[in-house]
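Only one structure is covered here, and it is reproduced in the block below.
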Amino acid sequence: MTAPATSGRTALFRRTAGRFPTGVTVLTTFAGSEPYGMTANAFMTLSLDPLLVAVGIGAGSRAHAHVLRSGRFAVTVLSDGQTGTARRFADPERPVGAAAFAADDWMAGPVTGCPVLPDGVGWFDCSVQAAHPAGDHTLVVGRVEDFGPLGGERPLVFADGSFTAPDPSLSPSGPFGGRT
């Protein structure tokens, strides 16, 4: 039995889920011949064989129709220097098409042509493999056609309603990521 989605329960769910830190990405695709982008934090790697990623996209969003219609998308994992980029692509009032990308450098993904933002920490160029309705979102599975690291050093993180970055005193090379 599922509990009804009351506004109080929904707000509590959002606050509780917001305690879980997530990476911040910009998902890009094309709307016809125009580039389109949106901030997404419901992103994950899914499989190593074959290489798959997944992203949750609101069923009523512009991105939903654009990604499913084009059959392709790219994901840039943002660096801690890209909070402005994250905010711009999350703004429902942002410009559309190429104007949305005016403040950011971008390059075409090598397989799909979807925009990749080179100031991030990594990128994935994908073709849509499957789309699974999941409540008010769709979980879009992408076959990773190409990918790679970028020059940014620390990823941007979102937790408790704020942007942050990993603690630089944590050593990724130490045992289990322990402090140095």
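The values are calculated or read from the model by the stated rules, or taken from the named source; none is laboratory data. Everything numeric here is computed off the predicted structure, so don't read it as measured data. Note that each Cβ is placed from the backbone with ideal geometry, even for glycine, and that neighbours are counted across all protein chains shown. Remember, those area values only see protein heavy atoms, side chains included, never the ligands or the DNA or RNA. Shrake-Rupley method; radii C 1.70, N 1.55, O 1.52, S 1.80 Å.
Per residue, the accessible area of the stretch 17-141 comes to 46 Å² when a 1.4 Å probe rolls over the protein heavy atoms. Only protein atoms count toward the accessible area here, which uses a 1.4 Å probe; on the chain, the carbon and sulfur part of that area reaches 58 percent. Using a probe of 1.4 Å on the protein chains alone, the accessible area found for GLU145 is around 80 Å². Around the Cα centre of the chain, unit charges on the Cβ atoms of Lys, Arg, Asp and Glu (plus for the first two, minus for the last two) sum to a dipole of about 600 debye. With a cut-off of 19 Å on the backbone N, the residues of the stretch 113-152 near the modelled label site 7 Å out from THR16 along Cα-Cβ are 135-137.
Across all C-alpha atoms in the stretch 1-120, the radius of gyration and Dmax reach 15.6, 48 Å. Couplings 3J(HN,Hα) for the stretch 149-166, derived from phi with the Karplus relation 6.51 cos²θ - 1.76 cosθ + 1.60 (θ = phi - 60°), are x, 10, x, x, 8, 10, x, 7, 10, 10, 8, 6, x, 9, 7, 7, 9, x Hz, where x marks Gly and Pro.
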